[in-house]
Amino acid sequence: MVEESRLALHWQAHDLFYGLPIIVDEWLATGDVVVANGSRSILAEARISPAEDRKRRGVTGTDRWAPEMPWS
């Protein structure tokens, strides 16, 4: 998923890998509030705007992935 740019953020802590799906960027871009449990190691990266992060990673607006949500 990391290589496919399907995660908005990803990090490793306590010998485990964690990530937030790219749909989080869209939620933030539309003004939604997103709350996630994370790690201090990604705090600075988490403060980068979704648009700037996509630009930095070379991801276009059509490259989206979202897990199925049970409430959808």
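Being part of a loop (DSSP other than H, G, I, E, B) and either of a type in the set (A, V, I, L, M, F, W, C) or touching a Ser or Thr at 6+ places or on another chain (Cβ under 7 Å) (or both) is the filter; apply it to region 44-61 and report the residue that is modelled with the highest pLDDT.
It comes out as Ile48.
Tell me which residues, restricted to region 7-25, are over 16 Å from Arg56 (Cβ atoms) and in contact (Cβ under 8 Å) with a residue 40 or more places away in the chain.
Pro21, Ile23
Give the residues of region 18-43 that are farther than 18 Å from Ser5 by Cβ, of a type in the set (A, V, I, L, M) and part of a helix (DSSP H, G or I), sorted by residue number.
Leu43 - this is the single residue of region 18-43 that is farther than 18 Å from Ser5 by Cβ, of a type in the set (A, V, I, L, M) and part of a helix (DSSP H, G or I).
Checking Arg64 against (1) among the charged types (D, E, K, R); (2) modelled with pLDDT of 80 or more; (3) not in a helix (DSSP H, G or I), only one condition comes out false. Which one?
It fails just one condition, (2).
The values are calculated or read from the model by the stated rules, or taken from the named source; none is laboratory data. Remember, predicted model here, so these are calculated numbers, not experimental data. Backbone-built Cβ (ideal geometry, glycine too); neighbour counts: all protein chains shown.
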